[in-house]
1. With every protein chain kept in the model, how would you rank Asp174, Asp79 by accessible area, 1.4 Å probe, largest at the top?
2. Counting only C-alpha contacts under 8 Å and six or more residues apart, can you give the relative contact order of the chain as a whole percent?
3. What are the residues whose amide H is under 5 Å from the amide H of Leu182, where those residues sit 5 or more places off or on another chain and H is modelled from the backbone?
4. Local charge sum around Ala83 (other residues, Cβ-Cβ under 12 Å, Lys/Arg +1, Asp/Glu -1)?
5. Specify the angular offset, from 0 to 90 degrees and rounded to the nearest 10, of the alpha carbon long axis of helix 248-257 from the longest principal axis of the alpha carbons in the chain.
6. Report the charge-dipole magnitude of region 1-150 in Debye, nearest 20, computed about the Cα centre from +1 at each Lys and Arg Cβ and -1 at each Asp and Glu Cβ.
7. Cα-Cα pairs above 18 Å in region 1-125: how many percent?
8. HN-Hα J couplings of region 122-138 from phi, Karplus 6.51/-1.76/1.60, θ = phi - 60°, integer Hz, Gly and Pro as x?
Amino acid sequence: MKILANDGIDPLGKLLLEKAGFTVDTNHIPQEELPLKLPAYDAITVRSATKVRQALIDVCPNLKLIGRGGVGMDNIDVDYALAKGIAVVNTPAASSLSVAELVFAHLLGGVRFLYDAQRKMPLEGDTNFGGLKKAYAKGVELRGKTLGIVGFGRIGKETAKVGLGLGMDVMVSDLFEVPAALPLTLSGGITVDVPIKQVALAELLQNADFISLHVPFTDKPIIGKDEFELLKPGVGLVNASRGGVIDELALIDALNSGKVAFAGLDVFENEPTPRKELLTNPRVSLTPHIGAATNEAQERIGEELANLIIQTLKK
């Protein structure tokens, strides 16, 4: 069987598939060429770039499996594929810690103004050192602050664990009941159970000092104009889940008014062409959708995806 790893796959995953007898092609085929070329393959693996929609599925009668290296599958018409007898698999656990650590890269940079200092130091550091020092003198610590996590799946849990390890209080909002405590593994293999609190979304928005979103794509933003009204003044907001779960225009207004002290954004509504107003806003910490982009996560994703493909297609 031939597999097209259209958005790449870690060498370990490729090796496992080849040892199982599959042919793996890692040459990227542009989206517009897939209807012509994908019918030659039995399976395709994607990340967030390649889209596998109904029209593409319809012209690929040999397609037996679609694999997503990562969590969200909003770039795949999952229900339609399953109805056509095509298996759909993903790797929800492999990248959780990497995304959680990126959330805290944004938070730690946000509370110490690194997102702005990195822009201004090269331009003014030699002529306005004292002025910049004064401008960034009112940082805060994360320890003792309240972290609100919206969505408590695998990534939400890992984010909570990092926050608890830093001494933050954690409150959670989710549609389902969450555990009252999380096991936190410390250096030396020491494990302790640390309590967390589940609250309604409105209560979280009103009380959290920092908020991190971990929800799938929705028809409307989780945090829109009305929700911004509920936030504590000076809140820090991070989105490393999906573009569109925050109303970006309302966010810009909240940043400009000071209601939101800073935002850390790894995802955007208009990827791969984010709004210029966000890219140039001095209160925004920016990364280009790299939550899962660590060597460790990619190896775990490749291994997990390969094993899922082998288990599914070798039945």
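The values are calculated or read from the model by the stated rules, or taken from the named source; none is laboratory data. What you see is a predicted model; the values in this text were computed from it and never measured. No Cβ is skipped: glycine too gets one built from the backbone with ideal geometry, and neighbour counts run over all protein chains shown. Protein only, heavy atoms only, side chains kept; ligands, DNA and RNA dropped before computing areas. Shrake-Rupley method; radii C 1.70, N 1.55, O 1.52, S 1.80 Å.
1. Details: Asp174 45, Asp79 125 Å².
Solvent-accessible surface, decreasing: Asp79, Asp174.
2. Details: 592 pairs, mean separation 59.0, N = 315.
For the chain, the relative contact order is 19 percent.
3. Placed amide hydrogens put Val194, Ile196 under 5 Å from Leu182.
4. On the way: positive: Lys84; negative: Asp58, Asp77, Asp79.
Summing Lys/Arg as +1 and Asp/Glu as -1 gives -2.
5. 20 degrees
6. On the way: 18 positive and 16 negative charges, 118 e Å.
Here the size comes out at about 560 debye.
7. Numbers: 4629 of 7750 pairs.
Every Cα pair in region 1-125 considered, those over 18 Å come to 60 percent.
8. x, 8, 10, x, 8, 10, 9, 4, x, x, 5, 4, 5, 5, 9, 8, 10
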